[in-house]
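First up is the structure itself, then whatever we jot down about it.
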Amino acid sequence: MAVHCPECGFVNPEGANYCQKCGAFLGRPEGTDEPTTMTYKVDETGEYTPIDIDEEVDKSGAALVIRSGGGRAGESFPVDQERMSIGRTPDAAVFLDDVTVSRNHALIVQRQDGYYIDDLGSLNGTYVNRRRIESHRLDDGDEIQIGKYKLSYLEK
């Protein structure tokens, strides 16, 4: 079943979250059961530790959750620092180990009016809600794409 964009009327494929033409959020029809993903953190020993994402967001104020890519769906990262690096370098706060991700790909920065994601001149770019960005103020529910990874930004 195709999904019609409420903004521009473009016919998008089934399961699309954002319009391929204008980027508008398509939402979900009433009664649609979304598949759920367990969220977790990787602890100091490398083991998966299940977490309640709502509690994590309440505690830190915001979190990034990997939705797809690299077999890591559900892994979460609290956004609780003034600056958080995202990239392929192992010392990045959000380490995404894939050649589609630059070593120093993007940076989440806390500014006076909220958190922003800034692209650091990456080769493949940083996308928010399917639009390539240089800098973007993050809002609850934003979909971030970095290389083959799709992440959701959640805040309270």
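Here is how the numbers come out for the structure above:
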| read-out | value |
| --- | --- |
| Inter-label distance for residue 124 and residue 21, nm, one decimal - labels placed 7 Å from Cα along Cα-to-Cβ | 2.9 nm |
| Charge tally in the Cβ shell below 13 Å around residue 134, where Lys, Arg are +1 and Asp, Glu are -1, residue 134 excluded | +1 |
| Separation of alpha-carbon centers, segment 79-97 and segment 1-27, rounded to whole Å | 32 Å |
| Counted charge near residue 90, where neighbours are those whose Cβ lies closer than 14 Å (Asp, Glu -1; Lys, Arg +1) | -1 |
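Readers should treat all values here as calculations from the given coordinates under stated rules, not as data from a laboratory. Source: prediction; values computed, not measured. Cβ atoms come from the backbone with ideal geometry, glycine included; neighbour counts cover every protein chain shown.
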